[in-house]
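Inspection log for the structure reproduced underneath, given as structure tokens.
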Amino acid sequence: MSERLNIVDHNQLFRQDKYVRQREEKRAFEAPCSPEEVTATLEYTKTKEYKDKNFARTAVVVNPAKACQPLGAVMAALGFEKTLPFIHGSQGCTAYFRSHLARHFKEPVPAVSTSMTEDAAVFGGMRNLIDGIENCIALYQPEMIAVCTTCMAEVIGDDLSAFLANARQEGALPEDMPVPFANTPSFSGSHITGYDAMLRSVLETLYNKSGRTPQPGHELKLNVLLGFDGYTGNFAEMRRMLGMFGATYTILGDHSSNFDSGATGEYSYYYGGTPLEDVPKAADAAGTLAIQQYSLRKTLGYMKQTWGQQVFSISTPLGIRATDRLLEEISRLSGREIPEALKQERARIVDAMMDSHAYLHGKRVAMAGDPDMLIGLIGFCLELGMEPVHIVCSNGDRKFEKEAELLLKSSPYGAEATVHSGQDLWHMRSLLFQDPVDLAIGSSHLKFAAKEAKIPLLRVGFPIFDRHHLHRYPIIGYQGALNLLTQFVNTVLDVMEEQAPDHSFDLVR
Amino acid sequence: MEPAVSNGRLEVSCGKKIPKSTPCPRPVPGEASGGCSFDGAQITLIPIADAAHLVHGPIACLGNSWESRGSLSSGPELSAYGFTTDLGEQDIIFGSEQKLHESIRYIVSRFAPPAVFVYTTCVTALTGEDIEGVCKAESEQLGTPIIPVNSPGFVGSKNLGTRLAGDVLFQHIIGSTEPEQTTSHDINLIGEYNIAGEMWHIERLMQQAGMSILSRITGDGRFREVGWAHRAKANMVVCSRALLGLAVQMERKYGIPYFEGSFYGAKETSYSLRQMAYLTGDRDVERRVDKLAAREEMRLSLELEPYRKQLKGKRAVLYTGGVKSWSVITALQELGIKVVGVGTNKSTAEDVSRIADRIGDDAEYIPEGGARQILKTVRSRKADMVIAGGRNMYMALKEQIPFVDINQERHKAYAGYDGLLSLAKQLVHTLQHPVWELTAKLAPWEEETEFAD
Ligand code: SF4
């Protein structure tokens, strides 16, 4: 097309005079409080008194930083080849899961629902499940269907295993189609426990189906688990590192290609994932390496107990020391030396950290996210000389608190930190006002509190709805450390420049 | 266009004919389906910006959905807060009424909203809690309206939820307050959600013609102003069939005439303004609308010219819900775009007949099948672009098809005369992007060389 045309963004559009005036006129109808009253109340919500009241709150959750179990189960299911996530419950949740994941990864997300309605609520959802299976096989031709429940199906007590047996009997479900299933009510756990439950079920189902007996250590291969991971780049980085070792491995639950496919001109429901036949063989691997713990408890338990796997797990390896530990373990499990190239990479990243250290040193940060992510972030912040101050984990538990506190105690930079598991982002807001910090780290949900507190948000974790492509860059390993460092330090510099008086608007930083 | 209920300007009371209410289609198990009734109710009521919206249930319903609306507020932001009782196992077993009581009290004491909407969800509907009772008791205790919204996900589709939300407005809110002043030119907009600020465009036009919005139901709405909706001269139901019932009920109870209209496209906009003016019964306002429409249409056609040139003859597949399916067609036709495929899965028989009026059998009707069907139609009808909701965006892009978002989450306002201009710009912009050149050609190594042996 010849002429190029310009479009005004709505942000600017509605700042135009006519709209401003119109809004003011409208206020007359609103019968609002006086501006003084509004300001006074707003100020009050920043006080210590208000904070205490806020923390005394028991019943209601305000701005949660977690999602529910089935969302995690969908992600786990999409880690396997030609697998259709199938959610037993009423239809709304499924629409939410699809859009939640689509907004983060900017990718289409296949997932279907049994669409239970009122009659199903009364008489049970068996018919919906059986008809649904028949339907989705015809429409989507999956090789595996991964079924999870929503809270609704759990409350009426639908028995998935009986339903599935009936589906097979009726011939709606082919004899040889594997159908792992997980009970994932939203009223317990969160997206990370749902991930865990589904992954475990997939491993168990495929393994049992193969009729093998485990021979751990029989193969030189490693099993690698990344858990509930919103970064497709982490998968690529993991492969790169393992490739440098020359290690052979199987990633159990690799959703990266389903959430990062190319625009080839042809849309497909399935773009990749761990091949189904690789799963039973994984029982013979030399060892299992997991880079999340809180989202893999049941799965790792199963692998240890039933497969007799030797398992090494750490929380998301962010920063130098965590990566060191990871590489040492890879070396031990694979029986190979840490490659020279990776050692050089480490030195380069350490160099980069030194280059930037002055700007990050002593910066006080608040962070919110999933437990594994937070453990990683705390560790990295301490290495950078940043001071974690407020740590809010909506889906954390006692064990997480203890681990986080132990880690914080290991460094003088952690001295001021308090860990709040089970709390929400409205608690975080109080913390930010009562004890201000320089930076916030977390998902997009944290942006509102950060904006009010007038501090920049470093977007790390899940979900990130309002920035593009961050998930394509790894945050684990040395390379990930460099990526995060780049993001951190440049944000700090941006803020500095914005605030700099003319005389210190320097060219070189 | 053909007016929805009344015929032309002869009949004052438009609501004599009760719209046929065909039941919303049941979702089919095993397919990718849209949102639930809870979602529909939430989407309808959340734009009431100064109220608190408390979701009573486990984390699922709110945890995956809060802060994703595209409705803008010009003032209060309380409705953007995600409040939930976040029920756990213990609550399911031992009941959660107490928790609900406490949550309501907490919200009222800390946020002092004019009202709290309490949403039932699948779980709290199933466990049979007396949510109405709790709301009633707390309303009395606290002196703040606590409004139960009984629309759990499993009762059906999103549309049904919208309808139920309309009932809630009618039963609990409308008629509960009185405006400080009224004029004879007060109109309510029903089913306008102020997506990307669309309502502000419309409001400006109405002001220019000497009319005003008495209650916004619900885009950029305030609780109190919804309460005095019963004092309006007329109701306009904007692009939301599901809320037609509300207009009917208001006509029966308060004698407020209504009509159904849309603001997509210049013709529809002019029609809607005229219809409003007509219902105010003021010749002067009517004259002003006529002038305004003539002036705006003239201006618009000048401004549109360069875009029309670029869009003429382009072919589009439109996949959107309900009323929009036909109203957007008109807008696209005004831009010279040929609609070669249209989704009808959420349309009523009436919607479909309106689609037919506009495009006849020239286009493919896509009743179901979602993604696959859309793509098939694009290919078979050689369409240049897909215009649909965000849900279908990424799959269209995988197929390298230019895509324009028309639903809830977009950031562009398409309503009114200015809106049509924005739409034209957006379409041209989308089609112009150099990335399509990239996708139209093969990578150099994929090109077949003539001399290959
Ligand atoms: S279907 Fe039920 S449980 Fe799911 S989001 Fe809707 S109301 Fe909540």
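The values are calculated or read from the model by the stated rules, or taken from the named source; none is laboratory data. These numbers were taken from a predicted model, which means no experiment stands behind them. As a convention, Cβ positions derive from the backbone with ideal geometry for all residues, glycine included, and neighbour counts pool all protein chains shown. To get the accessible areas, we keep the full protein, side chains included, count just its heavy atoms, and leave off ligands, DNA and RNA. Shrake-Rupley method; radii C 1.70, N 1.55, O 1.52, S 1.80 Å.
Condition check: within 13 Å of the ligand (Cβ to nearest atom), under 28 Å from the mean Cα position of the chain (by Cα), modelled with pLDDT under 90 and within 7 Å of chain A (Cβ to nearest Cβ). Does B:G35 satisfy that? Write out each step before concluding.
Values: within 13 Å of the ligand (Cβ to nearest atom): yes; under 28 Å from the mean Cα position of the chain (by Cα): yes; modelled with pLDDT under 90: yes; within 7 Å of chain A (Cβ to nearest Cβ): yes.
Yes, satisfied.
One residue stands out in region A:89-112 among those that are among the hydroxyl-bearing types (S, T, Y) and near the ligand (Cβ under 9 Å from one of its atoms): the one that is farthest from the other protein chains (Cβ to nearest Cβ), namely A:T94. Per the listing B:P47, B:P27, the residue uniquely within 7 Å of another protein chain (Cβ to nearest Cβ) and either within 28 Å of A:L84 (Cα to Cα) or at pLDDT 55 or above (or both) is B:P27. Might you let me know whether region A:124-147 holds any residue that is within 13 Å of the ligand (Cβ to nearest atom), surrounded by fewer than 20 Cβ atoms within 10 Å (Cβ to Cβ) and either within 9 Å of chain B (Cβ to nearest Cβ) or not in a helix (DSSP H, G or I) (or both)? No; the residues of region A:124-147 include none that is within 13 Å of the ligand (Cβ to nearest atom), surrounded by fewer than 20 Cβ atoms within 10 Å (Cβ to Cβ) and either within 9 Å of chain B (Cβ to nearest Cβ) or not in a helix (DSSP H, G or I) (or both).
Taking the criterion of being open to solvent by 40 Å² or more (accessible area, probe 1.4 Å) and either of a type in the set (K, R) or assigned to a helix (DSSP H, G or I) (or both), the residues of region B:60-98 that qualify are B:R69, B:E89, B:Q90, B:I93, B:F94, B:E97, B:Q98. Taking each residue of region B:143-161 that is closer than 17 Å to B:R241 by Cβ and open to solvent by 20 Å² or more (accessible area, probe 1.4 Å) and looking for partners that are among the aliphatic types (A, V, I, L, M) and more than 10 Å from the ligand (Cβ to nearest atom) with beta-carbon atoms closer than 7 Å, six or more apart or interchain, yields B:N159/B:A242.
Out of the strands (runs of 3 or more DSSP E) lying entirely within region B:330-432, which hold 1 or more residues that are among the small types (G, A, S)?
Working: elements: B:338-343, B:364-366, B:385-388, B:403-405.
Answer list for region B:330-432: B:338-343, B:385-388.
Pairs meeting the criteria (first residue in region A:5-30 and more than 7 Å from chain B (Cβ to nearest Cβ), second residue at pLDDT below 70, beta carbons under 9 Å, at least 6 apart or on different chains) are A:Q16/A:V8. If you check B:V118, B:V123, B:V108, B:V134 for being in a helix (DSSP H, G or I), within 16 Å of the ligand (Cβ to nearest atom) and not aromatic (F, W, Y), only one passes: B:V123. Taking the numbered list (1) closer than 25 Å to A:N135 by Cα; (2) out of contact with any Phe, Trp or Tyr (no Cβ under 6 Å at 6 or more places or on another chain); (3) modelled with pLDDT of 80 or more in turn, B:K412 passes all entries but (1). Might you check whether a residue that is open to solvent by 50 Å² or more (accessible area, probe 1.4 Å), assigned to a loop (DSSP other than H, G, I, E, B) and of a type in the set (S, T, N, Q) occurs anywhere in region B:304-323? No, that holds for no residue.
Residues checked against (1) open to solvent by less than 10 Å² (accessible area, probe 1.4 Å); (2) hydrophobic (A, V, I, L, M, F, W, C); (3) part of a helix (DSSP H, G or I); (4) free of Cβ contacts under 8 Å to residues at least 24 places away in the same chain:
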{"site": "A:L326", "(1), (2), (3), (4)": "yes, yes, yes, no"}
{"site": "A:L333", "(1), (2), (3), (4)": "no, yes, yes, no"}
{"site": "A:A352", "(1), (2), (3), (4)": "no, yes, yes, no"}
{"site": "A:D355", "(1), (2), (3), (4)": "no, no, yes, yes"}
{"site": "A:A366", "(1), (2), (3), (4)": "yes, yes, no, no"}
{"site": "A:P388", "(1), (2), (3), (4)": "yes, no, no, no"}
{"site": "A:V392", "(1), (2), (3), (4)": "yes, yes, no, no"}
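Please verify whether region B:240-256 includes one or more residues that are outside any loop (DSSP other than H, G, I, E, B), of a type in the set (A, V, I, L, M, F, W, C) and in contact with a His (Cβ under 8 Å, 6 or more places away or on another chain). Break it down stepwise before answering.
Kept after step one, since they are outside any loop (DSSP other than H, G, I, E, B), are these residues of region B:240-256: B:241-254.
Retained after the next criterion (residues that are of a type in the set (A, V, I, L, M, F, W, C)): B:242-244, B:246-248, B:250.
Now drop any that are not in contact with a His (Cβ under 8 Å, 6 or more places away or on another chain), which leaves B:250.
Yes, the conditions are met somewhere in region B:240-256.
Could you grab me the full set of residues in region A:153-187 that are within 16 Å of the ligand (Cβ to nearest atom), open to solvent by less than 10 Å² (accessible area, probe 1.4 Å) and either over 24 Å from the mean Cα position of the chain (by Cα) or more than 11 Å from chain B (Cβ to nearest Cβ) (or both)? A:A153, the sole residue that qualifies.
Screening B:P113 on (1) at pLDDT 95 or above; (2) more than 16 Å from the ligand (Cβ to nearest atom) shows it passes everything except condition (1). Screening B:E129 against (1) more than 12 Å from chain A (Cβ to nearest Cβ); (2) outside any helix (DSSP H, G or I); (3) over 27 Å from A:E43 (Cβ atoms) leaves a single unmet condition, (1).
Determine which member of the set A:F80, A:F86 is at the interface with chain B (Cβ under 8 Å from one of its Cβ atoms), of a type in the set (F, W, Y) and under 24 Å from A:P275 (Cβ atoms).
A:F86
Does region B:342-350 include one or more residues that are more than 14 Å from chain A (Cβ to nearest Cβ), touching a helix residue (DSSP H, G or I) at 6+ places or on another chain (Cβ under 8 Å), surrounded by 22 or more Cβ atoms within 10 Å (Cβ to Cβ) and at pLDDT 80 or above? Within region B:342-350 (the criterion being more than 14 Å from chain A (Cβ to nearest Cβ), touching a helix residue (DSSP H, G or I) at 6+ places or on another chain (Cβ under 8 Å), surrounded by 22 or more Cβ atoms within 10 Å (Cβ to Cβ) and at pLDDT 80 or above), the answer is yes, since at least one residue qualifies.
Criterion first (in a loop (DSSP other than H, G, I, E, B) and open to solvent by less than 20 Å² (accessible area, probe 1.4 Å)) does A:P463 satisfy it? Here the answer is yes, as A:P463 does meet what is asked. Within region B:207-234, the residues that satisfy the criterion of being at the interface with another protein chain (Cβ under 10 Å from one of its Cβ atoms), surrounded by fewer than 24 Cβ atoms within 10 Å (Cβ to Cβ), touching a Ser or Thr at 6+ places or on another chain (Cβ under 7 Å) and of a type outside the set (G, A, S) are B:R224, B:W228.
Taking region B:103-113 as the search range and keeping residues that are of a type outside the set (A, V, I, L, M, F, W, C) and surrounded by 20 or more Cβ atoms within 10 Å (Cβ to Cβ), which one is nearest to the chain's Cα centre (by Cα)? Walk me through how you get there before you give the answer.
As a first pass, look at region B:103-113 and keep what is of a type outside the set (A, V, I, L, M, F, W, C): B:103, B:105-106, B:109-110, B:113.
Narrowing further to those that are surrounded by 20 or more Cβ atoms within 10 Å (Cβ to Cβ): B:103, B:106, B:113.
On the way: B:S103: 30, B:Y106: 32, B:P113: 25 Å.
Among them, the one singled out is B:P113.
If you go through region A:56-77 and keep only what is touching a Pro at 6+ places or on another chain (Cβ under 8 Å) and either more than 7 Å from every other protein chain (Cβ to nearest Cβ) or farther than 26 Å from A:G157 by Cβ (or both), you end up with A:Q69, A:A73, A:V74, A:A77. Residues in region B:41-59 that are within 13 Å of the ligand (Cβ to nearest atom) and open to solvent by less than 20 Å² (accessible area, probe 1.4 Å): B:A41, B:Q42, B:V55, B:H56, B:G57, B:P58, B:I59.
Quick grid of which residues meet (1) within 12 Å of the ligand (Cβ to nearest atom); (2) surrounded by fewer than 23 Cβ atoms within 10 Å (Cβ to Cβ):
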| residue | (1), (2) |
| --- | --- |
| A:T47 | no, yes |
| A:V60 | no, no |
| A:K82 | no, yes |
| A:T114 | yes, no |
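All conditions but one from (1) facing another protein chain (nearest Cβ under 8 Å); (2) at pLDDT 75 or above apply to A:T39; the one that does not is (1).
Can you name every residue in region A:111-128 that is at pLDDT below 85 and β-branched (V, I, T)? Give the derivation first.
Here is the first cut: in region A:111-128, the ones at pLDDT below 85 are A:118-123.
The answer is A:V122, and nothing else.
Going by the conditions given, is A:D424 within 14 Å of chain B (Cβ to nearest Cβ) and of a type in the set (D, E)? Judged against the criteria, A:D424 is a match. On inspection, B:E286 fails the criterion of being acidic (D, E), part of a helix (DSSP H, G or I) and buried (at least 22 other Cβ atoms within 10 Å of the Cβ).
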